[in-house]
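Take a look at the structure set out below.
The values are calculated or read from the model by the stated rules, or taken from the named source; none is laboratory data. None of the values given here were measured: they were computed from a predicted structure. Here the Cβ positions follow ideal geometry from the backbone for every residue, glycine too, while neighbour counts run over all protein chains shown.
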């Protein structure tokens with residue numbers, strides 16, 4: 001069914017729900033009349049508030065541009081100063097020492113659930129390219145996984161099935177800023193957040209509860225506690241709609257924007273009975289930091305490789321999150337280890353794994369209750385560190401002296417060189433990631449690191465910042481549009497050589513054009529995934545045509 005408006009049939013289907021995408025095999029299982037009615041109710045109740053929340057974004061950047069120093073909100077001082085705690089975590093979320101994240105394709109779901117991780121975060125966001133087909137397939141895959149009936153047979157004949165003790169499942173929907181243009185309600189594209197959350201919750205909440213778990217989520221990309229309040233109201237409405245007790249849903253909020261780091265108590269407070277912790281989403285946090293300071297020519301960030309967690313502004317961010325969470329009885333989750341195994345070079349692989357160990361040791365000793373990895377092979381590496389350093393299920397009750405972390409520490413601009421290698425690396429990641437994303441792949445290994453939308457955002461925003469604010473290389477050469485374009489062209493040519501097929505070459509060429517547009521345009525674009533979304537289905541479908 002293409003472009004259809006679903007009309008009521010004996011009261012079964014909500015009027016005004018339409019599709020701009022095709023109906024794939026098995027899609028009726030998740031796009032059932034009852035599920036569509038639920039999505040329509042979510043949209044009609046919460047879409048006005050979502051739009052209002054997005055319109056209110058930009059306050060932080062305006063404050064920076066006015067010369068004022070942002071601070072913790074005065075109107076919520078009472079929340080920060082008073083003593084309160086969130087409810088205890090459910091039994092299957094008490095120990096979250098290693099969480100694996102990844103996209104929602106069938107093989108990945110099975111491998112992640114079988115990986116030995118405590119939690120698998122099924123990702124409809126930064127590691128997912130949201131074609132209509134792959135988004136529906138992800139919902140079907142999770143539906144099967146919840147019921148323990150998921151399996152996959154590779155082209156080589158290898159069978160993948162769930163083991164006896166799968167990881168606890170959490171789901172990350174897309175952020176408030178994104179729309180799912182393939183499904184409309186009253187002619188308006190539904191929020192991608194509500195689409196991803198609503199379908200999963202509607203079909204799986206009771207099945208998860210029956211298995212002794214529950215509907216658990218990560219919520220991303222928020223900039224203000226108003227957006228956390230919106231999620232909380234969505235959760236309450238959804239629980240009530242299915243006749244579930246308040247607090248059935250539990251969620252971890254990602255602190256991955258610069259405005260949000262000043263409102264961590266408020267995020268936990270607004271999510272109230274649904275909250276179970278906060279997470280250091282460090283790659284998106286760096287992107288947000290660059291974006292918030294994009295009008296300040298003096299705030300040029302150095303090469304991404306130099307932006308490690310031992311930098312004072314990132315250490316302050318991590319410490320404040322840990323202290324805030326533990327004061328409130330919440331998990332303080334650490335960041336991603338993006339390394340992947342390096343096959344064929346034992347020495348290089350050993351060095352890469354040593355970096356993972358060092359990073360995870362830093363996190364657990366700082367007080368984090370768990371950490372993220374992107375590849376199943378890293379689960380035992382991270383687990384060994386946390387098992388040795390954290391013998392209890394978490395560190396929430398471990399006493400730590402409160403520190404006075406203020407705006408000065410959180411807003412310190414990192415110093416360091418901008419190098420030709422940094423320019424080349426950013427162009428490489430941006431072009432290669434976007435070309436893969438246009439092909440329907442949102443999680444891409446590049447130079448032995450697993451890159452996703454967040455790292456591509458850092459890459460292209462740094463290129464924009466360097467070009468528009470007259471950055472120079474150590475030898476005095478300018479980082480101008482000509483230099484960046486030469487690196488973009490180099491990557492496009494290399495990609496065309498690696499895969500000379502016409503569809504792949506066309507995607508590489510279009511990715512180069514889009515990155516060029518994003519770098520030279522006068523204003524820094526909000527999100528690369530928004531900018532390129534309209535082209536996603538066309539380019540990802542070329543190989544299937």
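With the condition being in contact with a strand residue (DSSP E or B) (Cβ under 9 Å, 6 or more places away or on another chain), modelled with pLDDT of 95 or more and closer than 25 Å to residue 353 by Cα, I'd like the helices (runs of 4 or more DSSP H) fully within region 396-483 carrying at least 1 qualifying residues.
Hits in region 396-483: 420-438, 453-468.
Could you list, ordered by first residue, the pairs with Cβ atoms under 6 Å in which the first is in region 17-33 and not assigned by TED's automatic domain parsing to the domain that holds residue 186 and the second is assigned to a loop (DSSP other than H, G, I, E, B) and surrounded by 14 or more Cβ atoms within 10 Å (Cβ to Cβ), at least 6 apart or interchain?
Filtered contacts from region 17-33: no entries.
Within the bounds of region 198-220, is there any residue that is in a helix (DSSP H, G or I) and closer than 24 Å to residue 334 by Cβ?
no
Among the residues of region 328-357 satisfying the criterion of being touching a helix residue (DSSP H, G or I) at 6+ places or on another chain (Cβ under 8 Å) and in a helix (DSSP H, G or I), which is surrounded by the most Cβ atoms within 10 Å (Cβ to Cβ)?
Here the residue is 356.
Kindly provide the set of residues from region 449-475 that are surrounded by fewer than 23 Cβ atoms within 10 Å (Cβ to Cβ) and under 20 Å from the mean Cα position of the chain (by Cα), ordered by number.
449, 450
Looking only at region 249-259, decide whether some residue is modelled with pLDDT of 95 or more, buried (at least 24 other Cβ atoms within 10 Å of the Cβ), in contact with a helix residue (DSSP H, G or I) (Cβ under 7 Å, 6 or more places away or on another chain) and closer than 14 Å to residue 53 by Cβ.
yes
Could you name every one of the strands (runs of 3 or more DSSP E) located completely within region 91-194 that has at least 2 residues being in the same structural domain as residue 213 (by TED's automatic domain parsing) and surrounded by fewer than 21 Cβ atoms within 10 Å (Cβ to Cβ)?
151-153, 159-161, 179-185, 188-191
Check whether at least one residue in region 476-483 is over 22 Å from residue 101 (Cβ atoms), crowded, with 17+ Cβ neighbours inside 10 Å and in contact (Cβ under 8 Å) with a residue 40 or more places away in the chain, and report yes or no.
yes
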